[in-house]
Amino acid sequence: MTGPDLTSFIAGLSKAELHVHHVGSASPRIVADLVARHPSPTVPADPEGLREFFTFTDFAHFIDVYLAVVDLVRTQEDVRLLTYEVAKDLATQQVRYAELTMTPYTSVLRGIPIEAYTEAIEDARRAAERDHGIVLRWIYDIPGEAGLESADATIRYAERHAPDALVGFGLGGPEIGVPRPQFAPHFSRARAAGLHSVPHSGESTGPDTVWDAIRDLGAERIGHGIAAATDPALVAYLAEHRIPLEISPTSNLATRVVERIEEHPVRALRDAGVIVTINSDDPPMFNTTLSAEYATAARLLDLDEAGLAELATTAVDVSFAPEDVKIRLRGEIADYLARFRTTPGR
């Protein structure tokens with residue numbers, strides 16, 4: 001179901017974003033600011049050039065482009081600017097709560113001390129909540145392509161320099177050639193420190209990586225996880241144990257892990273009882289927004305306003321938000337649906 005009413009409904013619906021990357025959320029406006037500060041031989045500053053730059057041939061190409069943008073974030077002020085502007089962009093879509101996936105290792109590698117990094121993201125978080133009413137929490141992410149050295153550093157940052165808003169521990173980057181089990185000790189330490197386990201798995205590989213994430217990393221939610229659809233036993237396990245998937249349909253299409261949006265397995269997973277949430281991943285890079293992803297989900301899952309409200313509520317329920325924030329957002333969603341249904345002329 002789509003149409004003007006549904007588009008309007010999505011625009012005003014309070015939403016929680018659970019799978020969105022910090023650097024991957026740099027809009028063309030933000031990238032242009034960063035390129036002006038740090039001229040790049042590879043990243044164009046003009047919007048048309050960026051559109052072409054953000055056209056991917058496959059997942060490996062996406063990683064190359066992503067890392068080129070990462071290289072533009074070189075100072076504490078860059079980190080603060082990026083974080084605040086990303087939060088502002090999310091808030092314009094009525095995103096009221098977001099868990100932003102952060103990769104501190106890449107910033108420290110470029111010369112930003114972890115103490116300065118932490119200060120920058122926390123300052124931006126407080127300012128964004130004050131100015132735009134969005135609540136942010138952090139997930140620290142191991143960049144899988146950088147191997148065990150990056151994992152050692154990331155868990156050390158989480159244990160010794162944890163910002164106030166850190167709630168989760170993740171694993172991103174390429175899956176091919178990056179076995180999940182090697183990171184088991186790091187995730188064990190993260191869970192011991194009170195952090196939630198939210199690794200990426202089953203995006204560009206098969207269901208075995210999802211099993212690895214569950215068995216070796218103690219995954220409480222799975223980033224992407226769409227390859228689970230090819231393994232009935234895994235689908236049943238996810239449904240029985242209530243392990244949600246963080247699904248980003250346009251991302252999967254852009255990185256060519258799904259050939260056609262109509263072939264996306266989100267409906268089969270939902271219909272089999274798996275908890276699914278809808279997210280934007282790296283929205284400017286994929287020319288999307290969370291609101292656009294909700295519109296795509298409405299088509300793929302045949303949702304009306306009530307179904308979209310339920311989808312938004314599910315994201316709140318499986319988030320790691322403080323309980324008072326969850327209660328407030330559930331109330332906002334329910335009240336909004338009730339008002340929308342009683343609007344004259346509908």
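Quick note: the coordinates plus some simple rules give every number you see, no bench work behind them. All of these numbers come straight from a predicted model, not from anything done at the bench. Positions of Cβ are backbone-derived with ideal geometry, glycine not excepted, and every protein chain shown enters the neighbour counts.
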Self-check item: Selection count where residues are assigned to a strand (DSSP E or B), in contact with a Lys or Arg (Cβ under 8 Å, 6 or more places away or on another chain) and buried (at least 24 other Cβ atoms within 10 Å of the Cβ), scope the range 190-245
Solution: 2
Quiz item: Can you name every residue in the range 114-166 that is basic (K, R) and either surrounded by fewer than 17 Cβ atoms within 10 Å (Cβ to Cβ) or without any contact (Cβ under 8 Å) to a residue 24 or more places away in the chain (or both)?
Solution: R126, R130, R156, R160
Practice problem: Give the residue that is nearest to the chain's Cα centre (by Cα), with candidates limited to residues of the range 315-324 that are surrounded by fewer than 17 Cβ atoms within 10 Å (Cβ to Cβ) and assigned to a helix (DSSP H, G or I). | Solution: D317
Quiz item: Taking the range 259-269 only, how many residues are surrounded by fewer than 22 Cβ atoms within 10 Å (Cβ to Cβ) and either within 18 Å of the chain's Cα centre (by Cα) or outside any loop (DSSP other than H, G, I, E, B) (or both)?
Solution: 6
Quiz item: Quick one: which of T101, T118, T106, T83 is of a type in the set (V, I, T) and outside any helix (DSSP H, G or I)?
Solution: T101
Quiz item: Only one residue in E85, E77 is touching a helix residue (DSSP H, G or I) at 6+ places or on another chain (Cβ under 9 Å), surrounded by fewer than 18 Cβ atoms within 10 Å (Cβ to Cβ) and over 17 Å from Y140 (Cα atoms). Which one?
Solution: E77
Quiz item: Regarding S40, is this residue farther than 23 Å from N287 by Cα and not acidic (D, E)?
Solution: no
Self-check item: Filtered residue count, the range 270-286, keeping only those that are among the polar types (S, T, N, Q) and in a strand (DSSP E or B)
Solution: 1
